[in-house]
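A short worksheet on the structure shown next.
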Amino acid sequence: MDVKAAVAFEAGKPLSLETVQLEGPQAGEVMVEIKATGVCHTDAYTLSGRDPEGLFPAILGHEGAGVVVEVGADVKSVKPGDHVIPLYTPECRNCKFCLSQKTNLCQAIRSTQGKGLMPDGTSRFSFNGSMIHHYMGTSTFANYTVLPEIAVAKIREDAPFEKVCYIGCGVTTGVGAVVNTAKVEPGANVVVFGLGGIGLNVIQACRMVGANKIVGVDINPKKQPLAEKLGMTHFVNPKEVESDLVPYLVELTDGGADYSFECIGNVKVMRQALECCHKGWGESIIIGVAGGGEEISTRPFQLVTGRVWKGSAFGGARGRTDVPQIVDWYMDGKINIDDLITNVMPIEQVNEAFDLMHDGEAIRTVLTF
Ligand code: NAD
Ligand code: DAO
Ligand code: ZN
C-alpha cells in the first residue's frame, strides 16, 4: 500500500516527504497506523551522519503511538483496533536476556533491527522499487509502519496519542532510570545533570517516588522554571558556581548524592556525576549517549570507596510490561507530559521540528499525521 513518510535519503540532508510503498505484515508482525510521533535527538544524530550505525535511505522516528490495523499469521498478543506504542527495545519474554529478569535488553531481533531490516532479513518499505531501511525497528515518521509483535506495547484506548507517544522514548527513559535502574527510595538526595527531554523526566520521577533534595544542574538557566514545576528543589548553573562543582554538589547534598543521573552525553560530566555521589553507597546512572569512540574515566578509588557506576537504556523498562503502567501514571496525573510537549505540528513540518530541537528551545516536538 501507499503510505506517507518522511524519508532520510542521505546523511546531512533534510527529510523528504514522499509516498512510499509498505508491504503487509508477515508472520509475527503487525501493521500500525501511526497517529503521532515525537522527534528525539537520536533521530537527529542518525540524520547528521555522526551515527556510525546509521543506514540510508531510511524512515527515521522511534517515539510513536498508533493503532494496529492488520496482523500477520501467529500474532496472538494484539489485534486490529488495539492502541499501541512501538518499542525500539522489544520484549520477547523468551530469549536468554528476557528470561534472566536482569536486563531489558531483549536480543531476539537485535541483529536484523541493527541492519534496518525486519526479522526475516528484508524490509517492508520501498520507494520506486528500491528498498528503504527501517530505523530502530520502529520507523514512526510514516503514517503506517510494520513492526514485530514483540515490539509493540498495548496501551489503554483513552490515552491521547499526541501525548503518550513521548512514552515511546523520552518519558520511559527518564522515569524508568529512576524506578527500574536506580530504584530511588523516598528521602533520597539526587542530582540530575541536564534538564532536557530526558533529565526533566528523571526529575519528575524522583518527585513521584518521594526523593528529598532534587538538584538539577544545567548550563542553560531557561531550563529552571519547568524543572522546578516538575519537582526540582535546587538549581545549579555550573557557569555560576565559583568553586569546583563536585565539592559544591557534595556539600549541597549533605555528603553526596544518593543517586545521580547524567542526561547529557558528556563524558566529563559523567565523571562529575559519579564523583558527586555519597561515599560508601552513592550510585551514578549514565543515561546520556556519548559520541562514538569517547571514553569515561575516574580514579578507581572512587569505586573502591563504594560509589557505583551504572548505565540505563530505555529506562531499564521491559516495554510490553512496563510501558502500559507508565501510560496509567500519566492518565492518573502522577506524571506530567503535557508541559513537556512544547510544540505540535503536522508531519509536513518535520524539518522545522528538527530545527526547533537544535535551537534548544523545544523540550519535545510532536508530529501528527
Ligand atoms: P537535551 O539536549 O534536550 O538536554 C540536554 C541538556 O543538557 C540541555 O538542557 C543542555 O542545556 C544541558 N547541558 C549541556 N551541556 C551541559 C553541561 N556541560 N553541564 C550541564 N548541562 C548541560 O537532550 P535529551 O533529549 O534530554 O537527551 C539527553 C541524552 O540522553 C542524549 O545524549 C540522548 O542521546 C540520551 N538518550 C539516552 C537514552 C537511553 O536509553 N539511555 C534514550 C534517549 C536519549
Ligand atoms: O545492544 O541490545 C542492544 C541495543 C541497545 C539499545 C539501547 C538504546 C540506548 C539508547 C539509545 C538512544 C535511544 C533513543
Ligand atoms: Zn527477549
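Bear in mind these aren't lab numbers, they're just calculated from the coordinates by the rules spelled out. Every value quoted in this text rests on a predicted model; they were computed, and no experiment measured them. When we count neighbours, we look across all protein chains shown, and the Cβ atoms used for this are built from the backbone with ideal geometry, even at glycine.
Here the Karplus relation 6.51 cos²θ - 1.76 cosθ + 1.60, evaluated at θ = phi - 60°, turns the backbone of the range 14-31 into coupling constants of x, 6, 10, 7, 9, 8, 10, 9, 10, 7, x, x, 7, 4, x, 10, 10, 9 Hz, with x for every Gly and Pro. When you count the other C-beta atoms within 10 angstrom of each residue and take the mean per peptide, 151-158, 6-13, 74-81, 195-202 line up highest first as 195-202, 151-158, 6-13, 74-81. Among 100-108, 293-301, sorting by the average number of other beta carbon atoms lying within 10 angstrom of each residue, highest first, gives 100-108, 293-301. Only aspartates and glutamates eight or more places from LYS13 in sequence, or on another chain, were considered; those with a Cα closer than 18 Å are ASP43, ASP51, GLU53, GLU348, GLU352, ASP355, ASP359.
Centroid-to-centroid, using Cα positions, the range 135-200 and the range 24-51 are 14 Å apart. Between GLY61, GLY282, GLY187, the GNM of the chain built on Cα springs shorter than 10 angstrom shows GLY187 fluctuating the most.
Ranked by the mean number of other Cβ atoms within 10 Å of their residues, highest first, the peptides 313-322, 118-127 fall in the order 313-322, 118-127.
For every helix of n ≥ 4 consecutive DSSP H residues, a contribution of -39,500 (n - 2.57) applies; sum these over the chain, divide by its total residues, and give [θ] at 222 nm rounded to the nearest 500 deg cm²/dmol. Numbers along the way, then the final one.
Working: 12 runs with 90 residues, N = 369.
The per-residue figure over the chain is -6500 deg cm²/dmol.
GNM on the chain, alpha-carbon springs under 10 angstrom: the most fluctuating residue among CYS40, CYS98, CYS276 is CYS98.
Across the alpha-carbon set of the chain, the Rg to Rh ratio works out to 0.98, Rh being the Kirkwood radius. For the range 174-313, the calculated P(r), taken from all Cα-Cα distances in 10 Å bins from zero up to the bin holding the longest distance, is 14, 49, 34, 4 percent.
Across the range 174-313, Cα pairs under 8 Å and at least six residues apart give a relative contact order of 22 percent.
Other residues lying with their Cβ under 14 Å from the Cβ of GLN101 contribute a combined charge of +2, Lys and Arg counting +1, Asp and Glu -1.
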